[in-house]
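Engineer: Below you'll find the structure I mean.
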Amino acid sequence: MEYSSLDTKTLCLAVLSMGDASGYEIKKRVEEVFSRFMDVAPSGIYAALKLLEREGFVSARVVVQDGRPNKTVYTLLERGRTVLAASLQASEGRHKIRSELVTLLMFADLLPPAKLRDVLAHRIAELEQIKAETEAATGVCRPGHRFLVRMGMELADAELAFLRRNVPGFLDELGRSQNRQDRKTSDDLVGSDL
C-alpha cells in the first residue's frame, strides 16, 4: 500500500481504528464526518475494504441477522494499524479549501444580491448545524478528536460572528456597485446608435 496520501483505503483504516464496523457503517461515517473536510468517494469504500482484506490489513467476518441480509463486519489488524500510522505520518497535513461558496463570493459582483443573501443565509444555517453536531460530539475519547471538536467550535463561532457582522454591509456594497453598473450600461445604450 502506498503511503503518499489520505485516500479511501486510509480512511477505511482510520474508521476501523475506532472499532469494528460494517462497510455500510464505514460508508456512513466517511460521508458524515470525513466528507466535510476531504474529497472522498464513498462509492469506493467497498472495493477498498476488499483490497485491504486481501492485503491482510483488515479481517472480515459475516454476521447473520434475523430477517435481514447478512452483513460483513471488518476489524483492523495490527498490520493495518501499522499501515495507517505510516500513511498518517507520510501525509503533509495540507489544509485545502474547496468551496463553491468561496468561488461565488469571489465573483459576487456578477450575482444578484438576493442570490448571495440566500447563499450566505444557507451558510449561516449550515454553521449552526455544524456547531450543534460538534457540541454533541464532546464525549469523544481520543485526544485528537477532542482537540478537533474544540477547533471546530472555535472556527464555526468565528465564521458565524464574521458573517453576522459583515454580510449586511457586503450586500449593501454589492447593491450600490450593481446600481452604478446598471446606470453606466444605460448611459452607454443612450449614447449608442440603437
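The values are calculated or read from the model by the stated rules, or taken from the named source; none is laboratory data. Since this is a predicted model, take the numbers as computed values, not measurements. All Cβ positions, even for glycine, are placed from backbone atoms using ideal geometry, and neighbour counts span all protein chains on display.
Engineer: Residues being part of a helix (DSSP H, G or I), small (Gly, Ala, Ser) and modelled with pLDDT of 95 or more: count how many of those fall in the range 47-76.
Structural biologist: Of the residues in that region, 0 qualify.
Engineer: For Ala108, only one of the following conditions fails: (1) free of Cβ contacts under 8 Å to residues at least 24 places away in the same chain; (2) in the same structural domain as Pro143 (by TED's automatic domain parsing). What is its number?
Structural biologist: Against the list (1) free of Cβ contacts under 8 Å to residues at least 24 places away in the same chain; (2) in the same structural domain as Pro143 (by TED's automatic domain parsing), Ala108 comes up short only on (1).
Engineer: Can you name every residue in the range 167-177 that is out of contact with any Leu (no Cβ under 9 Å at 6 or more places or on another chain) and either closer than 12 Å to Leu116 by Cβ or at pLDDT below 90 (or both)?
Structural biologist: If the condition is that a residue be out of contact with any Leu (no Cβ under 9 Å at 6 or more places or on another chain) and either closer than 12 Å to Leu116 by Cβ or at pLDDT below 90 (or both), then Pro168, Asp172, Glu173, Gly175, Arg176, Ser177 are the ones that fit.
Engineer: Give me the residue from the range 9-44 that is of a type in the set (Val, Ile, Thr) and more than 19 Å from Glu78 (Cα to Cα) and, out of that set, modelled with the highest pLDDT.
Structural biologist: Here the answer is Val30.
Engineer: Here is a list: Ala86, Ala47. Which entry is surrounded by fewer than 16 Cβ atoms within 10 Å (Cβ to Cβ) and either in contact with a strand residue (DSSP E or B) (Cβ under 7 Å, 6 or more places away or on another chain) or in contact (Cβ under 8 Å) with a residue 60 or more places away in the chain (or both)?
Structural biologist: Exactly one residue qualifies, and that residue is Ala86.
Engineer: Looking at the range 106-115, is at least one residue assigned to a loop (DSSP other than H, G, I, E, B), at pLDDT below 95 and among the aromatic types (Phe, Trp, Tyr)?
Structural biologist: Looking through the range 106-115, at least one residue is assigned to a loop (DSSP other than H, G, I, E, B), at pLDDT below 95 and among the aromatic types (Phe, Trp, Tyr).
Engineer: Please find, among Asp118, Asp157, the residue that is modelled with pLDDT of 90 or more and in contact with a Lys or Arg (Cβ under 8 Å, 6 or more places away or on another chain).
Structural biologist: Asp157
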